[in-house]
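Following: one structure in structure tokens, then a few remarks.
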Amino acid sequence: MRALGLLLLFVPAWAQGVELGVYGVGASPTFFLRLLGTLPLEGGSLAYALAPYWQARWGQGGVSLERLVLRAEEGELGLALGRLPFSLGEGRVFPYTWNTPGPAGGEEGVWGGTLTWYGPFRLRLGYGWERGGVLELALPEVRAWLESQGGGLAGSLALGEAVAYGEARLKAGKGYGLVGVSWVLGEGLFTLEGTYPWGLGLAASWPLEELALLGSLGYREGWWGSLALEGEGWRVHGGYGAGAWVWGVSLKGEF
């Protein structure tokens, strides 16, 4: 606990970004302060995102360590260790990720590491605690990976102003698939995505002068949706899932 107190005392002095907000208003509000930053080191960097939070309904709180990544580079090799954001596949609406939702409204990565070779293609060897190892080979438009319980193949293709993409995965003997397309219509960006097991989702973003309107609607094991309005330094958002509508507001800033 003493070490945690010292961390919260000194980290704000290093932070380059901060987000103050509350979500779940009206149901079970959670108040949070998210601190983000990157510290340059000789031959690398240390990036972090942590969020002290307080759950009013339960009268308790803590600190969500969402990211703590030590990176080092030497020539064509890159090493990353710590709590890493880890996503595979090509899904935008239904991403395949090892990350998990955090109590402060963000995503928590997995403890582990990656060793990456940046040559004519990218070759990455990674390991996630309680998730196992992964070996990934990436070309400009195609990626393939093997993980402890299976593997996958993903790719994307530019079609004029649209981008089509897809992935096929095998995990624990079960097959999963995804196809999608993103395109520009007027000033907006739209993404339509379908999955197997069956799911369908649509996401859109539309600029409104100095604002941005973001929304999504989908079905997979039940209906869900989200709506957000963003301005410079603030965001109001809502989402429907698990039988309830929750909303929140956050203020963002950089130093």
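The values are calculated or read from the model by the stated rules, or taken from the named source; none is laboratory data. These numbers were taken from a predicted model, which means no experiment stands behind them. Cβ: placed from backbone, ideal geometry, glycine included. Neighbour counts: every protein chain shown. When the accessible area is computed, the model is the full protein with side chains, heavy atoms only, and any ligands, DNA or RNA have been set aside. Shrake-Rupley method; radii C 1.70, N 1.55, O 1.52, S 1.80 Å.
The HN-Hα couplings worked out from phi for the stretch 93-109 by the Karplus form 6.51 cos²θ - 1.76 cosθ + 1.60 (θ = phi - 60°) are 8, 10, x, 8, 9, 8, 5, 10, x, x, x, 9, x, x, 10, 9, x Hz, whole numbers, x standing for Gly and Pro. The modelled label-to-label distance for the pair Tyr118/Trp224, using points 7 Å beyond Cα in the direction of Cβ, is 3.3 nm. In the chain, the DSSP-assigned H stretches of four residues or longer account for a calculated mean residue ellipticity at 222 nm of -1500 deg cm²/dmol, using -39500 (n - 2.57) per stretch and the full residue count as denominator.
Taking amide H as placed 1.01 Å from N in the peptide plane, Gly91 has its amide H under 5 Å from the amide H of Tyr96, each at least 5 places away in sequence or on another chain. Note that the stretch 181-250 shows a convex hull volume over its alpha carbon atoms of 81 Å³ per residue.
Across the stretch 127-134, computed HN-Hα scalar couplings (Karplus, 6.51 cos²θ - 1.76 cosθ + 1.60, θ = phi - 60°) run 8, x, 4, 6, 10, x, x, 8 Hz from first to last residue, x flagging Gly and Pro.
A DSSP coil position with no more than 15 other Cβ atoms inside 10 Å describes the following GluC sites (Glu not before Pro) in the stretch 172-253: Glu187, Glu209, Glu210, Glu221, Glu232.
Exactly which GluC sites (Glu not before Pro) in the stretch 10-102 are in a DSSP loop and have at most 15 other Cβ atoms within 10 Å?
Passing sites in the stretch 10-102 are Glu42, Glu76.
Per residue, the accessible area of the stretch 49-178 comes to 55 Å², computed with a 1.4 Å probe over protein heavy atoms only. Taken about its Cα centre, the chain carries a charge dipole of about 840 debye when Lys and Arg each add +1 at the Cβ and Asp and Glu each add -1 at the Cβ. Converting the Cα gyration tensor eigenvalues of the chain into ellipsoid dimensions via √(5λ) gives semi-axes, longest first, of 29, 27, 19 Å. Between Leu36, Leu139, Leu217, the residue with the greatest mean-square fluctuation in the GNM of the chain (Cα pairs under 10 Å linked by springs) is Leu139. Report, to the nearest whole %, how much of the accessible area of the chain belongs to carbon and sulfur atoms, 1.4 Å probe, protein only. Ligands and nucleic acids excluded, carbon and sulfur give 65 percent.
Once the Cα gyration tensor of the stretch 125-246 is found, what semi-axes does its equivalent ellipsoid get, as square roots of 5 times the eigenvalues, in whole Å, sorted largest first?
Square roots of five times the eigenvalues give 30, 20, 15 Å.
Whole-Hz Karplus values for the stretch 145-162 come out as 8, 10, 10, 4, 10, x, x, x, 9, 9, x, 9, 8, 7, 10, x, 8, 10 Hz, taken residue by residue from phi with 6.51 cos²θ - 1.76 cosθ + 1.60 and θ = phi - 60°; glycine and proline positions read x. Modelled spin-label separation between Phe190 and Leu170, with each label point placed 7 Å from Cα along the Cα-to-Cβ direction: 3.6 nm. Please give me, ordered by residue number, the trypsin sites (Lys or Arg not before Pro) of the stretch 34-125 that lie in loop per DSSP and have at most 10 other Cβ atoms within 10 Å. Here the trypsin sites (Lys or Arg not before Pro) that fit, given the DSSP loop and packing criteria, are Arg57.
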